[in-house]
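Please treat every number below as a calculation from the coordinates, not as lab data. All values reported here derive from a predicted model rather than from experimental measurement. Cβ atoms come from the backbone with ideal geometry, glycine included; neighbour counts cover every protein chain shown.
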Amino acid sequence: MEDKLREIVARIAEATPDFDIDAHLRDDLNVDSFHAVEIVFEIERAFDVKVPDSRFGKVQTFKDLLELVQSLKG
């Protein structure tokens, strides 16, 4: 799951997928609001989950994002 999520974030953020797990999405990976919408769409499609806006809004780092997706997959 982590590798697939890294691939999604790296592709959309135009980064290499070897970024640190604690990388800040906005500050380290330059993910803006447009990228964030794309990431959510790709996560929902790739993992067959629905990402609630309220929960995604609390995501700061890649680790936060990974934990969110893991919790949605149960």
request  = Kindly indicate which of Leu5, Leu29, Leu25 is in contact with a strand residue (DSSP E or B) (Cβ under 9 Å, 6 or more places away or on another chain) and touching a residue at least 12 places away in the same chain (Cβ under 8 Å).
outcome  = Leu25
Matching option when the condition is of a type outside the set (Ser, Thr, Tyr) and not in a helix (DSSP H, G or I), among Val31, Val37, Val69 = Val31
task = Looking for whichever is outside any loop (DSSP other than H, G, I, E, B) and surrounded by fewer than 18 Cβ atoms within 10 Å (Cβ to Cβ) here; the options are Lys63, Lys58, Lys50. Which one fits?
result = Lys63
ask   = For the range 37-47, what are the residues that are crowded, with 17+ Cβ neighbours inside 10 Å and among the aliphatic types (A, V, I, L, M)?
value = Ile39, Val40, Ile43
request  = Of the numbered conditions (1) of a type in the set (D, E, K, R); (2) in contact with a helix residue (DSSP H, G or I) (Cβ under 8 Å, 6 or more places away or on another chain); (3) touching a residue at least 40 places away in the same chain (Cβ under 8 Å), Lys50 fails exactly one; give the number of that condition.
outcome  = (3)
